[in-house]
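What follows is a structure written as structure tokens; I'll ask about it next.
The numbers here are math on the coordinates, done by the rules we state, and not lab data. Here the structure is a predicted model, which means the values were calculated and not measured. Using ideal geometry, Cβ is built from the backbone for each residue, glycine included, and neighbour counts are taken over all protein chains shown.
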Amino acid sequence: SVVIAISDTGVMQDHEDIFGSIWVNPKEIPGNRQDDDGNGYPDDYIGYNFAAKDDGTAPGNTYNKIQGHGMFVAGIACATPNNTVGLAGAGNKCRLFPLKCSPDNSGGNIVYAYQSIVYSALMGFSVVNCSWTSFNYSCLNQSIIDYAVSRNVVVVAAAGNHFASTPVYPASYQGVLGVGLCDTEDNVYAAASGYGTNAAVFAPAHFTWTTFVNDGEYAKVGYGTSYASPLAAGMMGLIRSRHPDLTPEQAIAFARICTDNIEDKNPAYRGKIGGRLNMLKAV
């Protein structure tokens, strides 16, 4: 019953290791291009395509035939467990809801970033993962984050791949869990990860396997906080399922406690990095 929204370039909904994890909107009728549930978004049955008018695709089809970033992210967070294929997402049996925010021809730019957060808030999803960044602060976008938090949504975001403490957003907005990248030996990945206010926690997503663009395909992804963020989103899904009474702020605070200190392993970043997530502590 815990839903993790994937705000990204798009997700292939019928991928063999994704379709079994997708949350179905029971109030919507698929494929009729009507807004059956009256929420303002037609055909949002197993996902929603904000870029439908931009690239001439269907509003209920979240597949991006050019950009695979969203598929990488979705698999890390929510690939279906115990189905004899592929891998298991960090969120175990949590559900995902894909939100295509990038037109096919946009070069991977997340054009409908904050619209997807508003949608997640309206739908009452437990978590929304945002593996995208901008250096531009906006009080309007902070208000959108505030709205999502007020609607009981945990916003999880990538800390950026700029290897600096310069704030990026939404990771550095108040109320967001920003996630940095380390390797499996707890070394901060110096070629990429943002830190400071961008990274309240770190996750070991360097060279991890995940789902790829086409059905039945998988890939090992390299550096990028984009892949650390969905690990944290999956863990936040578990926390929200195990502790449903926690507010978003409390759930994030709890996640920050459920970490291991990695400063001794990274003395150059002492006082600048959060702990590495420990899923066993969280459950």
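Would you mind computing, in nm to one decimal, how far apart the modelled labels at Cys139 and Val111 are, each placed 7 Å from Cα along Cα→Cβ?
According to this spin-label approximation, the distance is 2.9 nm.
Once you list every other residue whose beta carbon is under 9 Å from the beta carbon of Asp37, what net charge do they have if Lys and Arg are +1 and Asp and Glu are -1?
-3
Could you work out how far apart the two model spin labels at Lys265 and Lys220 are, taking each label as a point 7 Å from the Cα in the direction of the beta carbon, and quote it in nm?
Placing both labels 7 Å along Cα→Cβ, they lie 1.9 nm apart.
Count neighbours as other Cβ atoms within 10 Å of each site's Cβ, and list the trypsin sites (Lys or Arg not before Pro) in region 18-53 that are DSSP loop with at most 14 such neighbours.
For trypsin sites (Lys or Arg not before Pro) across region 18-53 that sit outside H, G, I, E and B with at most 14 neighbouring Cβ atoms in 10 Å, the list reads Lys27, Arg33.
Can you give the FRET efficiency to the nearest 0.05 for Gln250 and Thr166, using r as the Cβ-Cβ distance and R₀ = 25 Å?
For R0 = 25 Å, the calculated efficiency reads 0.30.
Now for a different question. Could you tally up the Lys pairs in the chain with alpha carbons closer than 28 Å? Skip any pair fewer than 8 positions apart unless they're on separate chains.
For the chain, the number of qualifying lysine pairs is 16.
Arg151 versus Ile257, label points 7 Å from Cα toward the beta carbon: distance in nm?
Each label point lies 7 Å from its Cα, and together they span 2.9 nm.
Please work out the C-alpha center-to-center distance from region 205-224 to region 259-283 and express it in whole Å.
24 Å
Quick one: net charge around Pro204, please, counting Lys, Arg +1 and Asp, Glu -1 for every other residue with C-beta under 9 Å from its C-beta.
Within the 9 Å Cβ shell, the charges total -2.
Just checking my list [x] 20.4; [y] 19.0; [z] 13.4 against mean projected area of the Cα convex hull in nm² computed from this structure; which label fits?
[z]
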